[in-house]
2 protein chains.
Amino acid sequence: MPAEARVAGRALHPRDSALVRAARGRPTEHVPVWFMRQAGRSLPEYRAVRARIAMLDACMRPEVVTEITLQPVRRYGVDAAILFSDIVVPLRAAGVDVEIVAGVGPVIATPVRDLDSARAVPDLDADQLDFLAAAVGELVAELGPTPLIGFAGAPYTLASYLIEGGPSRDLARTKALMWGAPDVWSELMDALTRLTTTFLRAQAMAGASVIQLFDSWAGNLSAQDYRRFVLPYSTEVLEACADLGVPRIHFGLGTGEILPDLAAAGADVVGIDWRVPLDVASERIGATYAVQGNLDPTAVFAPWEVIEAKADDALSRGRRAAGHIFNLGHGVLPDTDPDVLARLVDHVHHWSPTR
Amino acid sequence: MPAEARVAGRALHPRDSALVRAARGRPTEHVPVWFMRQAGRSLPEYRAVRARIAMLDACMRPEVVTEITLQPVRRYGVDAAILFSDIVVPLRAAGVDVEIVAGVGPVIATPVRDLDSARAVPDLDADQLDFLAAAVGELVAELGPTPLIGFAGAPYTLASYLIEGGPSRDLARTKALMWGAPDVWSELMDALTRLTTTFLRAQAMAGASVIQLFDSWAGNLSAQDYRRFVLPYSTEVLEACADLGVPRIHFGLGTGEILPDLAAAGADVVGIDWRVPLDVASERIGATYAVQGNLDPTAVFAPWEVIEAKADDALSRGRRAAGHIFNLGHGVLPDTDPDVLARLVDHVHHWSPTR
């Protein structure tokens, strides 16, 4: 079933969609819903596509990006598509030698450890993003009134991969460099701020209706360190996207201590994981912001009654905010049953506070 | 150098030590300091011992436990020894088939997934803890006035290993069982509450001067779920140890949202990771509690000036609490340079608020 059929009659243009309206704090007929990592390993149709192509190649071939991005929209009737990509895609596009190794994650050939290697992080040129503009253009045409969410990893999360050379539990090298070599840190973060900005702007300029800045590891820092070493760069990225006329979502995991900072960085919507109830989040950041989240991604493995109760709790608490975009508190886990997500979408769409 | 020599003149009995006094909110001449995982992989003398013996065997042979537990006291002159053990030791002692697999972590032969397997979790008998009583007795004799901290993993953290069958990033099976099978959950948590209580009480009765309940994964839950599914059991453990006359430390990672609960569970001291400054923690839990922590364990990889500034910040903020036990915000990382920890101990011991 084409995506348009699922959303027929809802809205004529993405800017009038429930998702964009909720992100702007405007009333909607239903609470919009999408899932972080909705396009990915939990879908058999995704695994069928990926059986034939490596991860980063898949992210950089417009026809593959388009197909994978549309899969969850077709299946679930979610209120938004999110561009199929990976946090390291802008690095690869800029010419950084990065591979995604199965069972490991991103591996950087030459990690950044000093001023020379920080200076060697290349800028992104517009012509290196032709694949992105092509994929977004194709998607926007296919999606019709359903908004496309563009996304990028925040400078801090990208920096952690570049410095560690790959995934790390403790981010020990990243923090040691951040604290111990401020000149290297600012050089690297400035470069990643430019790269992230270019990558996000390209998506919005090609037609994405919303952008999300993912700072997966932001919650790993104390608020003090976050404010000093990370927030200025994320703020620069989000502010550099302010003129694009698209709502900006800012998300990180375990961010209870820094929620007001995530908001103040230039977000219209703050993504909340499952640790902070949405009404508590609204109290912390102010009710003028919209919120997104926060069902525990492991809740989908519980019986339906549990999922329903948790979803209803999030829906009720989300009403305190200017707007609520229903989502999980982190990405869809690989073993998630797609039928449960489909049922959840229907449930959210039919939920009403007066019921 | 024997442990006694390092602490000569400080105190005659562990109950008068700086650590126990700080834990009770009494004044001390210096801020006491120890490090979670101080006995472990960062020490060459530890690696030398462990080259000859498997992890769980090392934890259950009194002479090995004694040697490894004393190593950091000799090297650093810390204000406490912590019993060398592992979270799964009480399970192994009770007869559960568990191994620690190098590069993986604890692996449970028969994971708990239903009521029968929950009922099959055995109780711990006193005679299964002879090794523990022997190790603690020997240690107390060796340590003289330096207190020994006994420890156990909290029921929730133990349950997660038993249910997942090993380490897990998301605890998806654990939470699904917790939410979806409350009868199995309460059966298992009751069993683990008995087991943990027995294990902690045995250490205190053999002479440990302080006990610490580690709930590594407590911060992975929403406050709502923590209060409903975990807190009652941890409270039962800590309250069952109230008559022993030893201060109780309660620690978990990423617990900003549940700090008052960790305190109310029956703690004298609340362990704080690096995400919440100690004065903020004291505001949340009340200044009548002592606090422990909270230097980021990765800070030790930064230049000394950074470590010193962060340590001084923790020392200053810790003054708001009834007592402050200086520690890292989580365990010592394997690559930590022991000389840095030694310097940190000296620094803390010589720190004074009026300096």
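General remarks:
- Residue list for the range A:246-259, filter: over 15 Å from A:VAL276 (Cα atoms) and either among the charged types (D, E, K, R) or within 12 Å of another protein chain (Cβ to nearest Cβ) (or both): A:ARG248
- Close pairs from the range B:100-126: first free of Cβ contacts under 8 Å to residues at least 40 places away in the same chain, partner in a loop (DSSP other than H, G, I, E, B) and among the charged types (D, E, K, R), Cβ under 9 Å, at least 6 apart: B:ALA109/B:ASP97; B:THR110/B:ASP97
- Residues in the range B:292-317 that are buried (at least 24 other Cβ atoms within 10 Å of the Cβ) and over 18 Å from A:GLU257 (Cα atoms): 4 in all.
- All positions within the range A:127-152 that are closer than 16 Å to A:THR197 by Cβ and without any contact (Cβ under 8 Å) to a residue 60 or more places away in the chain: A:GLN128
- The single condition among (1) surrounded by 22 or more Cβ atoms within 10 Å (Cβ to Cβ); (2) within 20 Å of B:GLY40 (Cα to Cα); (3) among the charged types (D, E, K, R) that B:ARG275 does not satisfy is (2).
- The set of residues in the range B:104-119 that are loosely packed, with under 12 Cβ neighbours inside 10 Å and either over 19 Å from B:LEU171 (Cα atoms) or modelled with pLDDT of 95 or more (or both) comprises B:ALA109, B:ASP116.
- Screening the range B:260-355 for helices (runs of 4 or more DSSP H) wholly inside it with 2 or more residues that are within 14 Å of another protein chain (Cβ to nearest Cβ) and either closer than 21 Å to B:ALA39 by Cβ or acidic (Asp, Glu) (or both) returns the ranges B:278-285, B:304-318.
- Flag if B:LEU244 is surrounded by fewer than 22 Cβ atoms within 10 Å (Cβ to Cβ), under 21 Å from B:ARG26 (Cα atoms) and under 18 Å from the mean Cα position of the chain (by Cα): yes
- Cβ-Cβ under 8 Å pairs, at least 6 apart or on other chains, the range A:199-210 side under 14 Å from A:ARG248 (Cβ atoms), far side assigned to a strand (DSSP E or B) and not hydrophobic (A, V, I, L, M, F, W, C): A:LEU200/A:GLY150; A:GLN203/A:GLY150; A:ALA204/A:GLY150; A:ALA208/A:GLY150; A:VAL210/A:GLY150; A:VAL210/A:ARG248
- Set B:ASP123, B:ASP127: member being in a helix (DSSP H, G or I), within 21 Å of B:ALA191 (Cβ to Cβ) and among the acidic types (Asp, Glu): B:ASP127
- Residue list for the range A:211-227, restricted to those being charged (D, E, K, R) and more than 13 Å from every other protein chain (Cβ to nearest Cβ): A:ASP215
- Pairs, first within 17 Å of B:GLU142 (Cβ to Cβ) in the range B:50-64, second buried (at least 17 other Cβ atoms within 10 Å of the Cβ) and among the small types (Gly, Ala, Ser), C-beta under 7 Å, six or more apart: B:PRO62/B:ALA135; B:VAL64/B:ALA58
- Checking A:ASP116 against (1) farther than 24 Å from A:ALA58 by Cα; (2) within 14 Å of chain B (Cβ to nearest Cβ); (3) not hydrophobic (A, V, I, L, M, F, W, C), the condition it does not meet: (2)
- Scanning the range A:228-245 turns up at least one residue that is over 24 Å from A:PRO32 (Cβ atoms), part of a helix (DSSP H, G or I) and within 14 Å of another protein chain (Cβ to nearest Cβ).
- Residue in the range B:321-344 that is of a type in the set (A, V, I, L, M, F, W, C), free of Cβ contacts under 8 Å to residues at least 40 places away in the same chain and surrounded by 24 or more Cβ atoms within 10 Å (Cβ to Cβ) present: no
- Of the numbered criteria (1) within 16 Å of A:SER85 (Cβ to Cβ); (2) over 22 Å from the mean Cα position of the chain (by Cα); (3) of a type outside the set (D, E, K, R), the one A:ALA202 fails is (2).
- Test: residue in the range B:241-251 that is more than 19 Å from B:VAL20 (Cβ to Cβ) and not polar (S, T, N, Q): no
The values are calculated or read from the model by the stated rules, or taken from the named source; none is laboratory data. A quick note: this is a predicted structure, and the numbers were derived from the prediction, not measured. Cβ coordinates were reconstructed from backbone atoms using ideal geometry, including for glycine residues, and neighbour counts include every protein chain displayed.
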